[in-house]
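Rule-based calculations on the coordinates, nothing more; no lab input. Bear in mind the structure is a predicted one, so any value in this text is a computation, not a measurement. For neighbour counting, all protein chains shown are included, and Cβ atoms are generated from backbone atoms with ideal geometry for every residue, glycine included.
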Amino acid sequence: VSADRFDVAVVGGGTAGLTAAIAARHAGASVCLIERDDRIGGDCTFRGCVPSKTLLELARIVHEARAAAEAGILDAPPSAVFAAVARRRDTVVEEIARDERDERFLALGIALLRGRARFDGPHALAVGDRPIAFARAVVATGSEPALPDIPGIVDLCRTNRTIFELDRLPARLVVLGGGPTGLELAQAFARLGSRVTVVEVGDRLLPGEEPRAGEAVEDALAAEGIRIVLGTRPRAVRHVEDGLSVDLDWGFVVADEVLVATGRRAAADGLGLERAGVELEDGYVAVDSACRTSARHVFAAGDVTGGLQFTHVAAHEGRVAGLGAAGKRARTDERAAPAVVYLDPEVARVGLTEAEARRRHRDVDVLTYPMERVDRARIAGRRAGFVQLVTAGRRVLRRVGGGRLVGATIVGPSAGELVHECALTIQTRAFAGRLAQTIHAYPSMSLAVQQAAAQLDPLGRLLAPRDG
Ligand SMILES: Cc1cc2nc3c(=O)[nH]c(=O)nc-3n(C[C@H](O)[C@H](O)[C@H](O)COP(=O)(O)OP(=O)(O)OC[C@H]3O[C@@H](n4cnc5c(N)ncnc54)[C@H](O)[C@@H]3O)c2cc1C
């Protein structure tokens, strides 16, 4: 069989691959996009961001209504109807999936090939029996759950690939893993009515974030009745009479469903990357700032590269990789890529944590402002959380204007929205004091950021209780 030829072959039709294919096509290359699933769209649309945020949003509505009933504002405590929740989850996924339907890519002249791709040589791929020849390629195969090696995990537990298929609410849910994915789903299911236990091996939640952020989240989840078990390794999952037992060092927890969210690994098995000369580092495809792998004609983007595993980062890298594969120059710049955990309280970070900043910079300053001093948070009755800004002196101008912002962590209502002005400040290398000088609307949540920064420039200070 003679091979079809393309300037650029993109492997994987998730966010990174779709963005890469469009970028390469716009730059004039002939492009094929290879996807093994029936539908393009990837984890974010079908098994990640979209269904999980839909569940969280519906769970928030139920939770707030219940809180309003407890406060006597509504006259009966509501309970969630899971069948309706599941229907909404599926309709939202369908609506968002329509943005990524095949026709849109076909109309751009991108060839869509269905099947599992594998590299057969530096410029050769096979999709099933079909040979493809390419000048350059983009690897965008994403990531998959990394499962702990314990009995029962594979056969008895759910992952993000199967948890969104549930049509009945589990009465008891055990979540293995205290990172963003595990905690978001723990809170969603708890608010929808499940009894939830979170088991985390480490000694705190959200290990990648500021310790204070993990503590605030732990307090909030515990206050909602979620049981949190830290510093404990699950040993096995097995059938027992009334469900599934998750065996721990010191006992067991029985559940109807067990969700494993203990981390991710690159989806690179069976891809034959070695035949294309692409090297892995710690299991992920290593890339430089042009998204180029160890094989100069092969690029990679998104979760498979093991950097920040977010949709917005996958899109950014996909664009860079697609342009690079089409022969254009482009570089990634992820200094100001935000990380958001969509819990209540929401956790958002951009740039460095305090500990990272102290390792990298001299002359670090940390400014915090508690949400309980923010009028909008008081009005909403959602006082948990804080804004923390981390600044560092500049090389020449030192602390003029408050130095430069190198990191921000926000915990509280709408943190994932507030973080973006900090992202812009970092991206544009503006003086941190600019955040204080900019008039913020009263009583917006965003005032929390301005008031944190007002410690650098009293001009921005509101009439609010003094620190301390
Ligand atoms: C539960 C959950 C919630 C999340 N929530 C958020 C969130 O709120 N915000 C956020 O920014 N990020 C979130 N993420 C992360 C986000 O989903 C990923 O970062 C993003 O999907 C990565 O995109 P990607 O294109 O690299 O990979 P993917 O979306 O995984 O796409 C890879 C594609 O490649 C295909 N593929 C793999 N191997 C082959 C092969 N050999 N041949 C052909 N095709 C192949 C796969 O079928 C898949 O379609 C979440 C993740 C999870 C699991």
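Counted by neighbouring Cβ atoms within 10 Å, the residues 31, 304, 85 run from fewest to most as 85, 31, 304.
How far apart, in nm, are the 7 Å Cα→Cβ label points at residue 462 and residue 38? Going by the 7 Å Cα→Cβ label model, 5.1 nm. For region 361-468, the residue among 391, 361, 379 whose Cα projects farthest onto the positive side of the dipole built from Cβ charges is 361.
Figure legend: label point modelled 7 angstrom from the Cα of residue 256 along Cα→Cβ; residues of region 179-195 with amide N under 18 Å from it are 185-195. Compared with the alpha-carbon gap, the fully stretched path from residue 379 to residue 236 is longer by 46.9 nm at 0.36 nm per residue. For region 356-451, the relative contact order works out to 26 percent when only alpha carbon pairs closer than 8 Å and six or more residues apart are counted. Working note: Debye formula, equal point scatterers on the alpha-carbon atoms of the chain, no solvent; log10 I(q)/I(0) at q = 0.08, 0.10, 0.11, 0.13 Å⁻¹ is -0.54, -0.84, -1.00, -1.27. Using a simple spin-label model with pseudo-atoms 7 Å out from Cα toward Cβ, residue 308 and residue 101 lie 3.3 nm apart.
Between residue 149 and residue 76, what's the calculated FRET efficiency when r is the beta-carbon distance and R0 is 56 Å? Round to 0.05. The partial results should precede the final answer.
Values: r = 48 Å, r/R0 = 0.85.
So, using R0 = 56 Å, E works out to roughly 0.70.
Taking θ as phi - 60° and the Karplus parameters 6.51, -1.76 and 1.60, the scalar couplings of region 179-189 work out to x, x, 4, x, 6, 4, 6, 4, 5, 4, 5 Hz in sequence order, x denoting glycine and proline.
Applying a DSSP loop filter and a limit of 11 other Cβ atoms within 10 Å to the trypsin sites (Lys or Arg not before Pro) in region 110-189 leaves 168.
Only Lys, Arg, Asp and Glu carry charge here, each on its Cβ (+1 for the first two, -1 for the last two); on that basis region 9-66 has a dipole of about 80 debye about its Cα centre. Longest span of the chain, sites excluded, free of GluC sites (Glu not before Pro) in DSSP loop with at most 12 other C-beta atoms within 10 Å? Answer - 1-240. What separates the Cα centres of region 104-181 and region 7-28 is a distance of 17 Å. Charge dipole of the chain (Cα centre as origin; +1 on each Lys and Arg Cβ, -1 on each Asp and Glu Cβ, all else neutral): 1620 debye, rounded to the nearest 20. Distance from the C-alpha centroid of region 183-205 to that of region 409-468: 31 Å, rounded to the whole angstrom.
Tell me the mean residue ellipticity at 222 nm calculated for the chain from its helices only (DSSP H runs of n ≥ 4, each -39500 (n - 2.57), averaged over every residue, nearest 500). Write out the running numbers ahead of the final one.
Details: 14 runs with 144 residues, N = 468.
Estimated from H runs of four or more residues: -9000 deg cm²/dmol.
Pairwise alpha-carbon distances in region 216-357 exceed 20 Å for 65% of all pairs. For region 234-325, trypsin sites (Lys or Arg not before Pro) are listed when DSSP marks them as loop and at most 13 other Cβ atoms sit within 10 Å of their Cβ; the list is 296. When the charge dipole of the chain is built from unit charges on Cβ atoms (+1 for Lys and Arg, -1 for Asp and Glu) and taken about the Cα centre, the candidate among 455, 255, 416 whose Cα reaches farthest toward its positive end is 455. Average projection, convex hull of the Cα set of region 191-272: 7.8 square nanometres.
Take the Cα of residue 2, step 7 Å toward its Cβ, do the same at residue 203, and the gap between the two points is 6.7 nm.
What does the extension gain come out to for residue 88 and residue 279, with contour length at 0.36 nm per residue minus their alpha carbon separation?
Values: separation 191, 0.36 × 191 = 68.76 nm, distance 4.22 nm.
Value of the extension gain: 64.5 nm.
With R₀ set to 41 Å, the beta-carbon distance separating residue 116 from residue 372 gives a calculated FRET efficiency near 0.20.
Considering only DSSP states other than H, G, I, E and B, which trypsin sites (Lys or Arg not before Pro) in region 417-468 qualify as loop sites with at most 13 other Cβ atoms within 10 Å?
Details: sites: 429, 434, 461, 466; in loops: 429, 461, 466.
Listed in order of number, the matching sites are 429, 466.
How high is the relative contact order of the chain, in percent, counting Cα pairs under 8 Å that sit 6 or more residues apart? Mind showing how you got there, number by number?
On the way: 1066 pairs, mean separation 67.3, N = 468.
It comes to 14 percent, rounded to a whole number.
What is the calculated FRET efficiency for residue 129 to residue 428, with r their C-beta to C-beta distance and R₀ = 56 Å, to the nearest 0.05? With R0 = 56 Å, the Cβ-Cβ based efficiency is 0.60.
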